[in-house]
Amino acid sequence: MAGQPLSCRASPGGYGYGGDLGGLREREFPRLRGITYLDHAGATLFPDSLLKAFTEDLRNNVYGNPHSQNISSKLTYDTIEHVRYRILQHFGTTSENYTVIFTSGCTAALKLVAEAFPWMPEGSKQPSSRFCYLTDSHTSVVGMRGITALMNVLSVPVKPKELLSEKNWLPAEEQNCTTPHLFSYPAQSNFSGTKYPLSWIQDIKSGKLCPIKMPGKWFVLLDAASYVSCSPLDLGVHQADFIPISFYKIFGFPTGLGALLVNNRIAPLLRKTYFGGGTAAAYLTGADFYFPKKSMAERFEDGTVSFLDIIALKHGFDVLEKLTGGMEKIKQHTFALAHYTYNVLSTLKYANGAPVVRIYSDTDFSNPDVQGPIINFNVLDENGEVIGFSQVEKMASLHNIHVRTGCFCNTGACQMHLGISDEDIQRNLQAGHVCGDDIDIIDGRPTGSVRISFGYMSSFEDAQTFLKFIVATRFSKSDTEIPFQSSVTKLTTEPVPDDGTYFKNADKLSPRTHISDRELGNNSSVTVKTVDWQPAESESESIRATISETAVPTCRGDGNPITVTNIFLYPIKSCSAFEVTEWPVGNQGLLYDRNWMVVNQNGVCLTQKQEPRLCLVNPSIDLKQKIMVIQAEGMDTISVSLEENTGKEAVICESKVCSHRVKTYDCGEKTAGWFSMFLGRPCRLIRQCPDKKNSMQHKNTKGPTCATSISLSLVNEAQYLLINVASILRLKEHISARLEEPLEMEELIRRFRANIVISAPESFEEEEWAEISIGALRFQVVGPCSRCQIICIDQQSGERNKEVLQSLSAARGRKTLRTCCSKLKD
């Protein structure tokens, strides 16, 4: 890959709307500075002028509930009707041919079709209906079969090749059958960007093309959600019966609003059972009498529509037309970027001639009528093995490149392009892999891929930044891999009895067992489930910490002692470490470890991934004064009481940490102001509630105790993290040659943010341990710790260094994100 040129300096043809795209980006998308956003197929971005026009509209007008008859309500009703006409105009049709039914999104529109379509069930006198769908379909389309199954209607998946290669005519006599069938296919694959022929619509409706040979009348559902984001759709020419869309795919705002466009010729056949507010012309509460409203839209829009969001659509159409000149120009612009990126990406090769990526596509990106602005691929190493998508995504994040990974809610396309069998899907599920997680490789085979997609404001610089990232990033394995799964070990402990208030005074601030950084001897032990709390006999008392023989591999080598070299706790999640020589243990790990965290104005946890400067905040615990002292350069020192504050005046809220919900309370305006000033953004400090039953529970999934739950503080994975100095030294030796300025050992250790640092004779021997005892405290090794890009952040300066994770990638091969920590529980 070295030496691969990116010599194309001129912009690709069809690019830029013939104007100043750079100026447009600067005016409308200043938030994109320093960001390469390549997930427009997931959600495109809204321009500033859309929000400005919308909010100005809201400030100048009073919009009431459209179901009322007053002046403000009449204004709302008329505006909504105007937006319906504008939508139909955008798609080249009129209200004479189509009806716009507003929904919460494309998925809700699909569900509505499944529920309202006039299915003929199995067992009826005439032939039964069939629901057919292309296997390259979104989950929400495939999910319609759950509804049809309840209606005793069979669902039949159809592979694209079957429909593209066969011309099945339906005999005239079979076309006379009135049994309704429904075929659904995407105008554009959200997986690969392949555009399927819009001519299928008329061919299938006319009987010229049949998904399956079945007498009856075929109707077509065209899933246009992905297609209409960057391409014009003319329903005057391609008259599908149902067209579901989501508007955020087109405008970026509003979200949570979609529509179902229904061909008026099928509208009278649709059936509806439930009726909500605004849909009834008349009904009785004491008798089975209901008469629907005449309007097709009002009949199917249950309750009050999201009228303010609908009003925002008017501004969305206006702004989009003004900025770009229309969907045809957006189509040419985005395809030009995809075409250029595909051509460069497909020619990248390693020094041995092996390709750098494997692209999953049915086209050669030569025609915007058959290919959309989506590129789906996996990165390969020089031996042709797939680099896991999770690794690629995390590396891209270091460069502030936003991509999408996984199977993109399109299992059928994922199976087709990656060669994943039905049995593989089931085996992967049994192995713990579910849609949306980061398990990217199972048994050496990928479970998903990487997708990039362009939007109307995407630039040539975005494409080049992405390509330079692929060229510059060392995804290949080194000649001599480090033979380890991880070197951060996760430790965890079983909960210990706790009365809900940690301690009443300083001389009772610790359980009977401390972790102490003294020389470790050998002491046989077995795992115990709990450690009893006992009052401390004296503060000066020290308890010798040991690692038991059962925790040490039999091939220990020369039998040199194993010592605890450092103990760290992190009172505030993602802030600087607080180093101690000995420390009490609570029921969630080290006492006060990650008891607090910083959240943004929406209550979302902030970490060094979003705010690297958090590492410059230095919290320390004063057990005698019962306070946490918080310091940072240029800021006054503040303190927070260690006493729990869960009285009536405390603001209790529920927060989320790595998918786990935890109850917290706010630490007040003073600390909120301090952190907001230091970070330069609104934020607050919150603390986990002490109530034991509200503690985060995390199931241990390793070994015979997998059914047990452990109590966690605000940590991501485990109660304790352990690293071995010898393992870090081995890693340092490997990556030093790749870094311009080799890292010092102390700095590298701090980047892994472990609680317990040990010095064992052999590197990575801790990976083979099942149990560890330190004094009277017994630990069970839970497994390796997944490490994210925080290891790229210098914990002394807050500066990022992409080379660290890239070097670790080369050292570890495809196991990059299992780094040098192990998880423990006690």
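The values are calculated or read from the model by the stated rules, or taken from the named source; none is laboratory data. Worth saying up front: this structure is predicted, and the values here are computed from it rather than measured. All Cβ positions, even for glycine, are placed from backbone atoms using ideal geometry, and neighbour counts span all protein chains on display. The protein model used for the area step is the full one, side chains on, heavy atoms only, and it has no ligands, DNA or RNA in it. Shrake-Rupley method; radii C 1.70, N 1.55, O 1.52, S 1.80 Å.
Filter region 197-219 down to the residues that are of a type outside the set (Val, Ile, Thr) and in a helix (DSSP H, G or I), then identify the one that is most open to solvent (accessible area, probe 1.4 Å). Walk me through how you get there before you give the answer.
Kept after step one, since they are of a type outside the set (Val, Ile, Thr), are these residues of region 197-219: 197-200, 202-203, 205-211, 213-219.
Filter once more, keeping what is in a helix (DSSP H, G or I): 200, 202-203, 205-206.
Values: TRP200: 10, GLN202: 112, ASP203: 27, LYS205: 51, SER206: 49 Å².
Per the stated criteria, the residue is GLN202.
For region 139-163, what are the residues that are among the hydrophobic types (A, V, I, L, M, F, W, C) and more than 22 Å from CYS435 (Cα to Cα)? Walk me through how you get there before you give the answer.
Taking region 139-163 as the starting set, the residues that turn out to be among the hydrophobic types (A, V, I, L, M, F, W, C) are 141-142, 144, 147, 149-151, 153-154, 156, 158, 163.
ALA149, LEU150, MET151, VAL153, LEU154, VAL156, VAL158, LEU163 - these are the residues of region 139-163 that are among the hydrophobic types (A, V, I, L, M, F, W, C) and more than 22 Å from CYS435 (Cα to Cα).
Looking at region 338-367 only, could you name the residues that are farther than 18 Å from THR473 by Cβ, within 29 Å of the chain's Cα centre (by Cα) and of a type in the set (D, E, K, R)?
ASP362, the sole residue that qualifies.
Would you confirm whether any residue within region 280-296 is among the small types (Gly, Ala, Ser) and within 36 Å of the chain's Cα centre (by Cα)? It would help to see each step written out before you state the result.
Filtering region 280-296 for residues among the small types (Gly, Ala, Ser) gives 280-282, 286-287, 295.
Cutting the leftovers down to within 36 Å of the chain's Cα centre (by Cα) gives us none.
Within region 280-296, none of the residues are among the small types (Gly, Ala, Ser) and within 36 Å of the chain's Cα centre (by Cα).
Mind telling me which of the residues ASN383, ASN400, ASN352 ends up being under 30 Å from SER459 (Cβ atoms) and not basic (Lys, Arg)?
On the way: ASN383 fails: under 30 Å from SER459 (Cβ atoms); ASN352 fails: under 30 Å from SER459 (Cβ atoms).
After applying the criteria, what remains is ASN400.
Can you name the condition, by its number, that GLY123 falls short on among (1) at positive phi; (2) surrounded by 14 or more Cβ atoms within 10 Å (Cβ to Cβ); (3) not basic (Lys, Arg)?
Single failed check for GLY123: (2).
It is to be established whether one or more residues within region 766-775 are among the polar types (S, T, N, Q) and over 16 Å from ASN801 (Cα atoms). Spell out the reasoning first.
Restricting attention to region 766-775, the residues satisfying the condition of being among the polar types (S, T, N, Q) are 773.
Remaining after also requiring over 16 Å from ASN801 (Cα atoms): 773.
Looking for residues that are among the polar types (S, T, N, Q) and over 16 Å from ASN801 (Cα atoms), one finds at least one in region 766-775, hence yes.
Can you confirm whether VAL599 is buried (at least 24 other Cβ atoms within 10 Å of the Cβ) and either touching a Pro at 6+ places or on another chain (Cβ under 9 Å) or among the aliphatic types (A, V, I, L, M) (or both)? Steps first, answer last, please.
Numbers: buried (at least 24 other Cβ atoms within 10 Å of the Cβ): no; either touching a Pro at 6+ places or on another chain (Cβ under 9 Å) or among the aliphatic types (A, V, I, L, M) (or both): yes.
Criteria not met by VAL599.
If you take just the strands (runs of 3 or more DSSP E) that sit entirely in region 572-683, which of them hold at least 3 residues that are out of contact with any Leu (no Cβ under 8 Å at 6 or more places or on another chain), on the phi < 0 side of the Ramachandran plot and at pLDDT below 95? Can you show your working first?
Numbers: elements: 578-580, 582-586, 596-600, 618-622, 627-631, 638-641, 652-657, 660-666.
Passing ranges, in order: 652-657, 660-666.
Pull up region 374-407, narrow it to residues that are assigned to a loop (DSSP other than H, G, I, E, B) and either β-branched (Val, Ile, Thr) or under 16 Å from TYR196 (Cβ atoms) (or both), then point me to the one that is least open to solvent (accessible area, probe 1.4 Å).
Only one residue fits best here, namely ILE387.
Among the listed residues LEU58, LEU88, which satisfies the condition of being surrounded by 15 or more Cβ atoms within 10 Å (Cβ to Cβ), of a type in the set (A, V, I, L, M) and either out of contact with any Cys (no Cβ under 9 Å at 6 or more places or on another chain) or part of a loop (DSSP other than H, G, I, E, B) (or both)? Write out each step before concluding.
Working: LEU58 fails: surrounded by 15 or more Cβ atoms within 10 Å (Cβ to Cβ).
Answer to the selection: LEU88.
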